[in-house]
Amino acid sequence: MLNLRAHHLICISRFSGTAWYNDECKGNAWRIFDEIQKNPNQIVNIKNSCDDFCEKCPHIKEGICDKPSKYKISHWVRVMDNKTLRLIKIKPDTTHKISELIDKAIEKIKDEELKTICKGCEFLPICLEFGINKSFKEI
Ligand code: SF4
Ligand code: SF4
C-alpha cells in the first residue's frame, strides 16, 4: 500500500513532471504517479509525516523532512500536511481510495488555497501555471 503525506495529494493533482530535487527523486515520483494512474481504485494510507515520495528525496534526514524554509517554520511540511487534512476533512493515519482523495484535493484546493499552503515551496510558480494535471478531471 502506498503511504502518502497529505500535501503530496496536491503535488499529485498538479503533477507536471518538471519539478525535482534530483534524478532519483524524479524517478521515484514518476513511479508513484504511474502506479496511481494505473490503479486509481487502490487504497492508500494518508500521513502527516514522511512517505513514499520522501524516501528518495535528498531532504530526508533520519526519517524526517529537513528541508530548510525561508518562513522559519519548524517542520513546515507538516504544517502543509495539516492544512491539507483540514481542507479535505480527513484524519492522518487513515486509509482511503486514492481517486477520492485526489478529487477532494482538486475540489478544495484551488489556486488561492495553493498559494497559502505551498508558500514555502520553490515549485509554486510551476504548479500555479500548470494547474491540474489533465489526466484528472477539474471539479
Ligand atoms: S522536501 Fe521533505 S516533504 Fe518534500 S519529498 Fe523531500 S523529504 Fe518529503
Ligand atoms: S507548490 Fe510544491 S508542495 Fe505545492 S503542490 Fe507544487 S510541488 Fe507540491
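Each reported figure results from applying straightforward, stated rules to the coordinates on display, with no laboratory input. Note that the structure is predicted; figures quoted are calculated from it, not measured. FYI the Cβ positions are ideal-geometry reconstructions off the backbone, even for glycines, and counts take in every protein chain you see.
So here's what we get for this one:
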item	result
The stretch 1-41: chymotrypsin sites (Phe, Trp or Tyr not before Pro) in DSSP coil with no more than 16 other Cβ atoms inside 10 Å	TRP20, TYR21
Check: the stretch 35-139 dipole with +1 on Lys, Arg Cβ and -1 on Asp, Glu Cβ, in debye	280
Qualifying trypsin sites (Lys or Arg not before Pro) for the stretch 107-139 [loop in DSSP, other Cβ within 10 Å: at most 15]	LYS110, LYS119, LYS134, LYS137
Stretch gain in nm, segment GLU35-LYS134, where the contour uses 0.36 nm per residue and the Cα spacing is subtracted	34.0 nm
Most positive-pole-ward Cα, SER13, GLN37, SER69, against dipole of the stretch 3-130 from beta carbon charges	SER69
20 Å Cα-Cα reach of LYS97 towards aspartates and glutamates, excluding residues that sit fewer than 8 places from it in its own chain	ASP34, GLU35, ASP51, ASP52, ASP81, GLU107, GLU138
Efficiency of FRET between ASP23 and LYS89 - r from beta-carbon atoms, R0 30 angstrom, step 0.05	0.25
Interatomic Cα distance distribution for the chain, bins of 5 angstrom, percent	2, 10, 21, 26, 24, 14, 3, 0
For the chain, the longest site-free run once GluC sites (Glu not before Pro) in DSSP loop states with at most 12 other Cβ atoms within 10 Å are removed	1-61
